[in-house]
Amino acid sequence: MEQGMKPLVVVIASFSGGGKTTITNYVNDRIENSKALFFDDYDFEGPDDIISWVDNGADYDEWNLSPLISDVQVLLSEPLDFILLDFPFAYKHSKMSKYIDIAVFIDTPLDIAMARRLLRDSKNSSGESIAKELEYYLTDGRRGYLEMQKTIKPSSDFIVDGADSVATIAEKMLEVIQGNNFKNPL
């Protein structure tokens, strides 16, 4: 990092099961002088009922992201080149958005995201509990995914195809962030 330069803050956004954590880890392992933070490592105060929150307009500022923001502020003073954030909201949280330099959205087809979620979260679950999860997705949960397609995806700087391999997604991201070329070539 050049003296006086702050780290580039890169957000990796997507749905649950969209590949945020996998891509963040993969990219972080391939960039020197970077640090990664993960949304799921925090216990945020936020809406109790996500579907009601979506139905009422999805005000992202209802989430108290103070712990994550504090960690980003600390890292911004460290001699890093990149801060990678596994963070689903991209620019939609007003207090967090001022720290973001580039937001990448992993546009994962919803069937793939759901399959990944079920594989990740249901390893020891019964068929009945998996069926209930799928039923919930069809009746309510899908609206949360569609909210992200409607708001997070279009507000992101760069969109990658979540059906691509991890290596391909990471290669596209690295090309953009290491070249500081924030225009979406896709």
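The values are calculated or read from the model by the stated rules, or taken from the named source; none is laboratory data. All values reported here derive from a predicted model rather than from experimental measurement. Remember, those area values only see protein heavy atoms, side chains included, never the ligands or the DNA or RNA. Shrake-Rupley method; radii C 1.70, N 1.55, O 1.52, S 1.80 Å.
In a solvent-free Debye calculation with one equal scatterer on each Cα, what is log10 I(q)/I(0) for the chain at q = 0.10, 0.14, 0.15 Å⁻¹, listed in the order of the q values?
-0.41, -0.79, -0.91
Give the Debye-formula value of log10 I(q)/I(0) at each listed q (0.13, 0.25 Å⁻¹), with one equal scatterer per alpha carbon of the stretch 98-172, two decimals each.
-0.51, -1.16
Using θ = phi - 60° and the Karplus form 6.51 cos²θ - 1.76 cosθ + 1.60, what ³J(HN,Hα) does each residue of the stretch 153-160 get, whole Hz, x for Gly and Pro?
Whole-Hz 3J(HN,Hα) from phi for the stretch 153-160: 4, x, 8, 7, 7, 9, 10, 10.
³J(HN,Hα) across the stretch 45-61 via Karplus (A = 6.51, B = -1.76, C = 1.60, θ = phi - 60°), whole Hz, x for Gly/Pro?
For the stretch 45-61, the Karplus-derived couplings read 7, x, x, 6, 10, 4, 5, 4, 4, 4, 5, 9, x, 6, 7, 5, 6 Hz, x marking Gly and Pro.
Could you give me the ³J(HN,Hα) list for the stretch 27-38, computed from phi with Karplus coefficients 6.51, -1.76, 1.60 and θ = phi - 60°, whole Hz, x at Gly and Pro?
5, 4, 5, 9, 10, 6, 6, 10, 9, 10, 10, 10
With a 1.4 Å probe and all protein chains kept in place, how much accessible area does E147 have, in Å² rounded to the nearest 10?
Its accessible surface works out to 20 Å², give or take rounding.
Would you mind getting the Kirkwood hydrodynamic radius of the stretch 22-129 from its Cα pairs, rounded to one decimal in Å?
16.1 Å is the Kirkwood radius here.
Can you list residues from other chains, or at least 5 along the same chain, whose modelled amide H is less than 5 Å from the amide H of I159?
Sorted by chain and number, the residues that satisfy this are F105, L186.
Accessible area of V54, 1.4 Å probe, to the nearest 10 Å²?
Accessible surface of V54 is approximately 20 Å².
Tell me the accessible surface of M5 in square angstrom (1.4 angstrom probe, heavy atoms of protein chains only), to the nearest ten.
Number for this one is 100 Å².
How would S70, S14, S97 line up by accessible area, probe 1.4 Å, largest first?
Details: S70 55, S14 0, S97 30 Å².
From most accessible down to least: S70, S97, S14.
Jot down the radius of gyration and Dmax of the stretch 1-63, Cα atoms only, both in angstrom.
15.5, 47
What ranking of T151, T108 comes out by heavy-atom accessible area, probe 1.4 Å, highest first?
Numbers: T151 25, T108 0 Å².
These residues rank, largest area first, as T151, T108.
So which of K95/K172; K95/K153; K6/K150; K35/K172; K6/K172 end up more than 21 Å apart by C-alpha? Write out the running numbers ahead of the final one.
Working: K95/K172 28 Å; K95/K153 19 Å; K6/K150 31 Å; K35/K172 19 Å; K6/K172 23 Å.
The pairs that break the limit, which is 21 Å between Cα atoms, are K95/K172; K6/K150; K6/K172.
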